[in-house]
Amino acid sequence: MAENGVSDADAQIALIEARRSERLAAIGKAKKEQYLKDLEEVDRLGQEHGDDRVAVLKTVSFVAGLPTVVVVRTPSPDEMKRYRHQVRKSEGNFEKIGGAKDLLGAACVIYPDESTYGRMKQAWPSIHDNVGIEALRMGEAEGKD
């Protein structure tokens with residue numbers, strides 16, 4: 001125990017927590033700056049497509065150089081028709097059904113661009129699953145009373 005009543009372990013913990021806090025603050029600042037850029041696009045796309053015709057999926061973590069969101073638009077009737085046709089053709093094959101969902105999701109991503117979205121799929125390997133599900137959700141009715 002040190003002279004001031006603080007153990008060596010306590011001092012090391014405080015140092016590590018301070019370093020970590022600084023890193024998290026820097027990440028938070030960078031994430032906020034990126035989100036501001038993303039939000040400008042979300043606003044523009046909402047005006048273009050209709051605010052209730054787009055969905056915004058937020059990432060759970062931050063990767064420098066990548067957006068913090070993906071914007072998915074409501075599928076067109078033709079896109080939903082193609083999706084349904086592919087599902088019916090799949091004869092219950094889950095891989096083919098998943099492929100149909102993936103194609104629908106890819107068609108409905110309106111932000112970011114395709115190349116950036118590809119890098120996002122590397123950083124968050126299951127993000128496209130969420131995008132496909134959201135595209136399907138955007139094309140359905142809410143439910144019944």
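Structural remarks
- Test: residue in the range 45-60 that is modelled with pLDDT under 95 and under 16 Å from the mean Cα position of the chain (by Cα): yes
- Failed condition for Ser21, given (1) of a type in the set (Ser, Thr, Tyr); (2) free of Cβ contacts under 8 Å to residues at least 40 places away in the same chain; (3) surrounded by 11 or more Cβ atoms within 10 Å (Cβ to Cβ): (3)
- Residues satisfying the stated conditions in the range 48-87, i.e. of a type in the set (A, V, I, L, M), under 16 Å from Lys121 (Cα atoms) and in contact (Cβ under 8 Å) with a residue 60 or more places away in the chain: Leu57, Val60, Val63, Val70, Val72
- Qualifying residue in the range 32-42 (condition: among the polar types (S, T, N, Q), farther than 26 Å from Pro125 by Cβ and either modelled with pLDDT of 95 or more or not in a helix (DSSP H, G or I) (or both)): no
- Of all the residues in the range 45-85, those that are closer than 20 Å to Glu114 by Cβ, part of a helix (DSSP H, G or I) and of a type outside the set (Asp, Glu) number 4.
- Within the range 39-58, the set of residues being of a type in the set (Lys, Arg), surrounded by 12 or more Cβ atoms within 10 Å (Cβ to Cβ) and closer than 17 Å to Ala135 by Cβ comprises Arg53 only.
- In the range 99-121, the residues that are in contact (Cβ under 8 Å) with a residue 12 or more places away in the chain, in contact with a helix residue (DSSP H, G or I) (Cβ under 8 Å, 6 or more places away or on another chain) and in a helix (DSSP H, G or I): Gly99, Ala100, Lys101, Asp102, Leu103, Leu104, Gly105, Ala106, Ala107, Cys108, Met120
- Of all the residues in the range 68-104, those that are farther than 15 Å from Val131 by Cα and surrounded by fewer than 16 Cβ atoms within 10 Å (Cβ to Cβ) number 15.
The values are calculated or read from the model by the stated rules, or taken from the named source; none is laboratory data. Predicted, not measured: the structure shown is a model, and the values here were computed from it. Neighbour counts are summed over all protein chains in view; Cβ atoms, including those assigned to glycine, are modelled from backbone coordinates with ideal geometry.
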